[in-house]
1. With charges set only on the Cβ (+1 for Lys and Arg, -1 for Asp and Glu), what does the dipole of the range 495-561 come to about its Cα centre, in debye to the nearest 20?
2. Quick one: which residues, 5 or more positions from His176 or on another chain, have an amide H under 5 Å from its amide H? H modelled 1.01 Å from N in the peptide plane, none for Pro or chain starts.
3. Along the positive direction of the dipole of the chain (beta-carbon charges: Lys, Arg +1; Asp, Glu -1; about the Cα centre), which of His638, Pro709, Gln279 reaches farthest?
4. With +1 on each Lys and Arg Cβ and -1 on each Asp and Glu Cβ, and nothing else charged, work out how big the dipole of the chain is about its Cα centre, in Debye to the nearest 20.
5. Cβ neighbours within 10 Å, averaged per peptide: list 466-472, 378-384 in order, most packed at the top.
6. Between beta-carbons, use under 11 Å as the cut-off and find the net charge around Gly546, counting Lys and Arg +1, Asp and Glu -1.
7. Could you give each residue of the range 418-430 its phi-based ³J(HN,Hα) in whole Hz, using Karplus coefficients 6.51, -1.76, 1.60 with θ = phi - 60°, and x for Gly or Pro?
8. Figure the gain on full extension for Lys231 and Ala714 (residue separation times 0.36 nm, minus the Cα-Cα span) and round it to one decimal in nm.
Amino acid sequence: MNAHLKQDEPVDDNFLDKTGQGEVGKPLSRVEGLDKVTGIVPYAAEYRLDNCAEGVLVQATITRGQVTRIDAEAALAMPGVITVIEDDRLCARAAQGTAGEAPQQAPRTICYWGQPIALVVAESFEQARDAAKTIRVEYREENGAPLDPTLVDAEEQGNETVNQGDFAKALSEAPHSVDLRITTEGHASAAMEPHAATADWDGDKLTVRAALQMLNFNISELADALGLDEKQVRILAPYVGGGFGSKLGVSQETVAASLAAMQLGRPVRVVMTRQQVFQTVMRRSETSQRLRLACDDEGKLTAFGHEALVSNLPGEGFAEPVLQSSHFLYAAPNRKLQLDVARVHRMTAGSVRAPGEAVGMPALEAAMDELAEKAGVDPVEFRLMNIPERDPEQDLPFSSHKLAECLEQGARAFGWARGERKPRQRLEGEWWIGTGVASAARVHNVGEAKARVTVRPDGTVCVQTDMTDIGTGTYTILAQIASEMLVVPVEDVLVELGDTEFPRGPGSGGSWGAASIGSAVFLACKELRSQIESKTGQPIKDASLGDALGGEELSCEGHYEPGDVKSDYTSSGFGAFFAEVRVNRFTGEVRVNRMLGAFGFGRVLNEKTARSQCIGGITWSIGVALTEALMFDPNDGHLVNCDLAEYHVPVNRDVPELEVIMVEERDPVASPIQAKGIGELGMCGGAAAIANAIYNACGARLYDYPMTPDRVIAVLD
Ligand code: MOS
């Protein structure tokens, strides 16, 4: 049985609500939570396979050139060492930016420092690691690789360019304008679980247990990289310890473990060290952004200019989509947007935690604050008066739009004092105290998704898809949807994820997971429900499922496809951040006292997991604002701070009580279950609320994120 919907129209059928007291929306704790925190369920590196060998990657120590010789003689003579694999496919860069493509085949070509070039396989990890240190590599080095994005001729990304109206004229004639250069540093995904893969080859079929987000694409990538048919590959990733973009594509440990297993005919595990994850998997590009905004005397935007420079390796397709929400967030008749990519020899830039808005919104929202001040308009008011009726560039309606509600409700809950604002109004001991606001926006994405739902003879329900749960709550929300739709207790729903033998889900990325796979499960359940009801002649809530089926099993594959409705609307999550910070007048240290986010993202499927996503997102906002920055050596482009001691993610002491308001919303365009993406919205603009609060506290504007004490103290007087 099949239930297919290609969504060409809004879905107004509020089926989920009709049951009244169903599970969807309730703050259910994660169904797999206990198994995770008690260590019962395994992550990719934790499977115990008999006779499993251990592999350690060897990395390049030049920035650009060719490997001419790998001398493994000493390594091969060491105890426990089984083999050293030098395969061109190990040199491949991760195809992180473009899921679905195999890693690029570049024979022994090195294009960034730290690139994996060989794999040492031994009986134990320690033996492999020890032997890896003795590998001698000879190179033909090409000097002078460009490393600084600001020093090369950048390539314009034509599809991002917008020139509407007469921007220059509007800018020069406006009574109020700003022209700012704002920078953000590179970021690491910094998922807690390091990249790991355990591969097993039986002579015909490869089974890989790996830490991946997008099995639907990863199976093609891996098969392609290994020259296998997809039918010969099975990937298992039922539990993934965070991805944040770094596991969207197959990276080198998975290719390496697979190659070694196929060559040796025994299982091989490859676990990256934290340093290897940082150095080789991918980075978020640093950005340099020019914001030119102008408004009239009332505060209505007349000119909107956002131009950004990002970087990536030569030949890579991904460009940090900094302008993504700038295209539609604020009305202004005269617009200029442009995105340029500089080609530099730092490791691959790819999708990291809300690619685009995570760094674009903090720049835009800081510029909005400065312009509001110049125009003498309260910054909440300023944003409210510039919300467009329709997408200002494409002239499309919004699918649903709760920015105004988020600003209003957020301001009320935070206790925002509207009206004239002046910096340096509150000094407590050594600390200046101030508040700031910023909008949140993150485009809403969906992807094709399939899931099988089976009602078993005993009346329990099983949901199966290769969709992943990367810590977001997929297991839980799918159980809730099936529970509500089929009127069975949530305990009677078994959700099985992360196995490519199951129907293909959308993968976890771009915040599209819940809305997409939730819709596939919804469609399957709806069909099952109507079949059972027509069979029994009574509403499903009055019958026990098992009895209704008379001992038979009933199965349906739900298939959701985003259709034409996507091109008829602009669809985005919106929100508002409010922050109170304190700035130490002597040390420049910034602490966040409290922070609040109000968000509208369609139907909430689980109040608890949704709130957790928001709290996580706001926490990453604090990282963008205050702590996170990749540091590259200007001489060879190697990443210097490549672990969690040197790369500072916000920790408990950096994060105060965070308040989250979820604004009631249903979006019949966004997905059949009327839900939008949640995961990334919480970090799309929040850093600007902190930056704006820093200004309000101490009277100094900073234009470079993160606003570390050295940078703050430099502008304090
Ligand atoms: Mo996300 S950065 O698309 O996993």
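1. Working: 5 positive and 11 negative charges, 58 e Å.
It comes to approximately 280 debye.
2. Cys295
3. The listed residue farthest towards the positive side: Pro709.
4. Here the size comes out at about 1020 debye.
5. Answer by packing, highest mean first, reads 466-472, 378-384.
6. Surrounding charge for Gly546 is -4.
7. 6, x, 5, 10, 10, x, 6, 9, 9, 10, 10, x, 8
8. Additional length available on full extension: 167.9 nm.
The values are calculated or read from the model by the stated rules, or taken from the named source; none is laboratory data. It should be emphasised that the depicted structure is a prediction, and the values quoted were computed from it without experimental measurement. As a convention, Cβ positions derive from the backbone with ideal geometry for all residues, glycine included, and neighbour counts pool all protein chains shown. Ligands, DNA and RNA are excluded from the accessible area calculation, which covers all protein heavy atoms including side chains. Shrake-Rupley method; radii C 1.70, N 1.55, O 1.52, S 1.80 Å.
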